[in-house]
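Q: I have a structure here, written as structure tokens, and I will follow up with some questions on it.
The values are calculated or read from the model by the stated rules, or taken from the named source; none is laboratory data. Quick caveat, the model's predicted, so the values are computed rather than measured. Neighbour counts are summed over all protein chains in view; Cβ atoms, including those assigned to glycine, are modelled from backbone coordinates with ideal geometry. When the accessible area is computed, the model is the full protein with side chains, heavy atoms only, and any ligands, DNA or RNA have been set aside. Shrake-Rupley method; radii C 1.70, N 1.55, O 1.52, S 1.80 Å.
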There are 2 protein chains.
Amino acid sequence: MSQPSDLIHDPAPVLVEIVRGAMVESRHRGAFAVVDAAGKVVRSAGAIDRPVYPRSAIKPLQALPLVETGAADKYGLGAEELALACASHHGEPIHVQKVSAWLGRIGLGEGNLECGAHLPTDVPSAQALIRGNQPPSQLHNNCSGKHTGFLCTAQCFGENPKGYIEADHPVMRRVLQAVGDMTGTDMGRAPAGRDGCGIPVIGLTLQAMAQGMARLADPSGLPDERRAASTRILDAMAAHPLLVDGSGGLTVEVMQVAGDKVRVKFGAEGVFCAALPTLGLGIALKIEDGAGRAAEVAIMAVLDRLGCFTSEQRMALHPFIEPKIKNVANVEVGLMRAAAATFDIAVS
Amino acid sequence: MSQPSDLIHDPAPVLVEIVRGAMVESRHRGAFAVVDAAGKVVRSAGAIDRPVYPRSAIKPLQALPLVETGAADKYGLGAEELALACASHHGEPIHVQKVSAWLGRIGLGEGNLECGAHLPTDVPSAQALIRGNQPPSQLHNNCSGKHTGFLCTAQCFGENPKGYIEADHPVMRRVLQAVGDMTGTDMGRAPAGRDGCGIPVIGLTLQAMAQGMARLADPSGLPDERRAASTRILDAMAAHPLLVDGSGGLTVEVMQVAGDKVRVKFGAEGVFCAALPTLGLGIALKIEDGAGRAAEVAIMAVLDRLGCFTSEQRMALHPFIEPKIKNVANVEVGLMRAAAATFDIAVS
């Protein structure tokens, strides 16, 4: 029999197992917190009181100033732009076109972005560029929507957009302030680094990150402007899941199937966050080793055990709940699964 | 201070740290064994007595029947073909051409391979195929050299090559027998699955895997034919590192810089093996979560602490000992490093 106390006190319990043939081939450890808007931990496993870089998983929090400053209204942004501001998109034509049009609308262009260029994560889109001998642009960067949102607030206030990715630029000061407020974190004292797209990345505890997401989901205790911004951002994510992620992505599928209850956002190095408006809860999860494949399986297990899916929805999402592993010849050779003992004890 | 007893008894100590800015962002756990040809454990960390799928890391052991059956001599194979038989190559033109020529020499073709087709892992080679609207062939599969070696023994004995990837085919029976002998493993009772390239994958303990590699490195106790085959295979790897791996790969760089002392071979899901002829030792290593990036840093740490590199060689190999992490805009944002405490205690 499993021993709850051992698991709960293990700072990094096994969350996900990679099975091949007759045995578990690899194991992913980690921690997660399910928290309400007041900061109460409803469910957890592992160490949730240590700083973790949230990476792209808190983009919905980083988008708050875009709405609160009035920039979104000044430039007539709709749900599509707000979804893109929260996105780690796949660089498909739809993403590139909409970000490009948005930049034009605020009087800027691709050259004002400071996120760098990388090939689209969407394979057909990447192959189309390669076939055409076209290098990727900064518009293809998965963070180009978020960065355009950043630039939008600079334009709104007539600030020089150059250097907007630096911590001391007014754009980034607003972003850091919003994240600090929502997560109850002293951002100046937390460990810091630089994110993949160049902006500061600040270590937050999983508990704090989950509380920030819970406040988005249940903004009843927030000031008027922030309450409105929170609702508008989560509504935009639910309305345009494809713009938040990309074709075939877990984020798209989950929000298409269960978008009334669930907003999810992943981050690099094995992070996932979720906001659950109907339950008034937030989730933050980190795979210790940084594996995205495990973060996906783990977030699905938490959502499932919190009752976010009907049995029909669970069937539709089964390819993400227990993904099959196929080999090069397309033969099924294994699967990924949540380590049931950890989740059943932590979330039941 | 670190406490050796804690570390040694931890079944999965931290081997590698991913650092970003002011803190460790992700951690990789695992285990490794350094063993001599008699099976004595010289150094270790973590649980080395549990079955692990070796994946491609034991290709040098799987190549033994190619030499021992006389197939290599019958078809006039040189060091290049033997290196390819041990390879997880990158699908560059040089790999594809040499495997194709070898298949022709034994009267077979690409269609006889049963490994499946995937895009080359070498990026320029993959992009060249995409630009030309050419799908990858089975020759591009990183295992095509190993599979051609398998087919070579079938042709040598006039066996029907079809189904050579199945456990009950004479080809695979010879391979499993050789691996079982070299690692002292009862292959019929060990946990089994199917590998990425379709052949059986059998769970071996890290200790057994390391002993198998040590016997390759110090074959003095082996029967004449196997002793000769072991030496010929390791010599081929040292003579043609580019054929074992691909441009810019760790395996190529290490064997080009320190090939007199070190033969290395990685496997999927975070496995690495090494044979050290001058020390008469074998190494087997598994990252618990399956991450290749961590297996690379960990094998370098073990080799370094075993004195395999001169200070000049260590400088040349530093990009693999402590790889830098750069972000999309090519700014250095972190590094990967061995968890010194684990290695200094286990290997000193």
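Q: Quick one: Debye curve from the C-alpha atoms of region B:149-285, no solvent, what's log10 I(q)/I(0) at q = 0.14, 0.17, 0.19 Å⁻¹?
A: The computed values of log10 I(q)/I(0) come out as -0.72, -1.07, -1.29.
Q: Using modelled backbone amide H atoms (1.01 Å from N, in-plane), which distant-in-sequence or interchain residues come within less than 5 Å of B:VAL333's amide H?
A: Under 5 Å from the amide H of B:VAL333: B:ILE325, B:LYS326, B:ASN327.
Q: Let me ask something else. Whenever you get a sec, line up B:HIS147, A:HIS140 from highest to lowest accessible area (probe 1.4 Å, protein heavy atoms).
A: A:HIS140, B:HIS147
Q: State, to one decimal in nm², a quarter of the convex hull surface area for the C-alpha atoms of region A:257-308, i.e. the direction-averaged projected area.
A: 3.3 nm²
Q: Taking each residue of B:16-25 in turn, how many C-beta atoms of other protein chains fall within 10 Å of its C-beta, and what is the average?
A: Average neighbour count from other chains, rounded to a whole number: 6.
Q: Placing +1 on the Cβ of each Lys and Arg and -1 on the Cβ of each Asp and Glu in the protein assembly as shown, which of A:HIS169, A:LEU243, A:GLY21 has its Cα farthest towards the positive end of the resulting dipole?
A: It is A:LEU243, whose Cα lies furthest towards the positive end.
Q: For region B:100-105, what does the Karplus curve 6.51 cos²θ - 1.76 cosθ + 1.60, with θ = phi - 60°, yield as ³J(HN,Hα) per residue in whole Hz, taken in order and with x for Gly and Pro?
A: With the stated coefficients, region B:100-105 comes to 4, 5, 5, 4, x, 5 Hz.
Q: For region A:210-276, what is the accessible area per residue in Å², given a 1.4 Å probe and the full set of protein chains?
A: With all protein chains present, region A:210-276 gives 30 Å² per residue.
Q: Kirkwood hydrodynamic radius (Cα pairs, Å) of region A:1-110?
A: Answer for region A:1-110: a Kirkwood hydrodynamic radius of 18.0 Å.
Q: Could you pull out every residue, at least 5 positions away or on a different chain, whose amide H is within less than 5 Å of the one on A:GLY290? Hs are placed 1.01 Å off N in the peptide plane, and Pro or chain starts have none.
A: It is B:ARG27, by chain and number.
Q: Would you mind checking A:LYS74/A:LYS261; A:LYS286/B:LYS265; A:LYS326/B:LYS286; B:LYS40/B:LYS324; B:LYS265/B:LYS286; A:LYS324/B:LYS59 for any pair whose Cα atoms are more than 24 angstrom apart?
A: A:LYS74/A:LYS261; A:LYS286/B:LYS265; B:LYS40/B:LYS324; A:LYS324/B:LYS59
Q: Please name which of A:LEU119, A:GLY158, A:GLY203 has its Cα lying farthest along the dipole of region A:103-206 towards the positive end, using unit charges on Cβ (Lys, Arg +1; Asp, Glu -1) and the Cα centre as origin.
A: Toward the positive end, the furthest listed residue is A:LEU119.
Q: Over the Cα atoms of the protein assembly as shown, how large are the radius of gyration and the largest Cα-Cα distance (Dmax), in Å?
A: 26.5, 84
Q: Would you kindly work out, in nm and rounded to one decimal, the distances from the label point of A:GLY111 to those of the same position in each other copy, ordered shortest first, with label points 7 Å along Cα-to-Cβ?
A: 5.6
Q: So how exposed is A:TYR75, as accessible area in Å² (1.4 Å probe, rounded to 10)?
A: For A:TYR75, the solvent-accessible surface is approximately 40 Å².
Q: In whole Hz and in residue order, list the ³J(HN,Hα) couplings for region A:28-35 that follow from phi through the Karplus curve 6.51 cos²θ - 1.76 cosθ + 1.60, θ = phi - 60°; x for Gly and Pro.
A: Each residue of region A:28-35 in turn: 10, 9, x, 8, 8, 10, 10, 9 Hz.
Q: Roll a 1.4 angstrom probe over the protein heavy atoms and tell me the percent of accessible area of region A:1-129 that is carbon or sulfur.
A: For region A:1-129, the apolar C and S fraction of the accessible surface comes to 53 percent.
Q: Follow-up. To the nearest 100 Å², how much accessible surface do chains A and B cover up together, summed over both, with a 1.4 Å probe?
A: Accessible area lost upon association: around 3400 Å².
Q: Tell me, how many Å apart are the Cα centres for region A:28-101 and for region B:116-178?
A: Measuring centre to centre over Cα atoms gives 44 Å.
Q: Using alpha-carbon pairs under 8 Å, 6+ residues apart, how would you state the relative contact order of region B:202-336 in percent?
A: Result for region B:202-336 is 21 percent.
Q: Suppose we compare each residue of region A:159-206 in its chain alone and in the full protein complex with a 1.4 Å probe; which ones drop by at least 20 Å² of accessible area?
A: Correct list: A:PRO191, A:ALA192, A:ARG194, A:GLY196.
Q: What number, in percent, do you get for the relative contact order of chain B if the mean sequence gap of Cα pairs under 8 Å and at least 6 apart is divided by its residue count?
A: Across chain B, relative contact order equals 25 percent.
Q: On the principal axes of its Cα set, how long, how wide and how thick is region B:196-239? Give whole Å, largest value first.
A: Sorted from largest, the Cα extents of region B:196-239 read 30, 23, 18 Å.
Q: Any idea what log10 I(q)/I(0) is at q = 0.13 Å⁻¹ for chain B, Debye with uniform C-alpha scatterers and no solvent?
A: -0.97
Q: Size of the dipole of chain B about the Cα centre, Lys and Arg at +1 and Asp and Glu at -1 on the beta carbon, nothing else charged, in debye to 20?
A: The dipole of chain B has a size of about 120 debye.
Q: Nm distances between the label at A:VAL24 and the same-position labels in the remaining copies, 7 Å along Cα→Cβ, shortest first?
A: 2.1
Q: Now, a different point. Tell me, what HN-Hα J-couplings in whole Hz come from the Karplus equation 6.51 cos²θ - 1.76 cosθ + 1.60 at θ = phi - 60° for each residue of region A:85-98, using x for Gly and Pro?
A: 5, 9, 8, 10, 7, 9, x, 6, x, 4, 5, 5, 5, 6
Q: Continuing with the same structure: Provide the gained length on full extension for the span B:ASP168 to B:ASP186, in nm with one decimal, where the gain is 0.36 nm per separating residue minus the Cα-Cα distance.
A: Additional length available on full extension: 4.9 nm.
Q: In whole angstrom, how long is each semi-axis of the equivalent ellipsoid of region A:220-271, when you take the square root of 5 times every eigenvalue of its Cα gyration tensor and sort them from largest down?
A: 23, 13, 9
Q: As a check on your grasp of the helix formula, calculate [θ] at 222 nm for chain A: sum -39500 (n - 2.57) over DSSP H runs of n ≥ 4, divide by the residue count, round to the nearest 500.
A: Using -39500 (n - 2.57) per qualifying helix, the result is -11500 deg cm²/dmol.
Q: Separate question: Distances in nm, one decimal, shortest first, from B:ALA239 to the same residue in every other copy, taking the label point 7 angstrom along Cα→Cβ.
A: 6.9
Q: Please get the size of the charge dipole for region B:27-118, origin at its Cα centre, with Cβ charges of +1 on Lys and Arg and -1 on Asp and Glu, quoted in debye to the nearest 20.
A: Around 520 debye, computed over region B:27-118.
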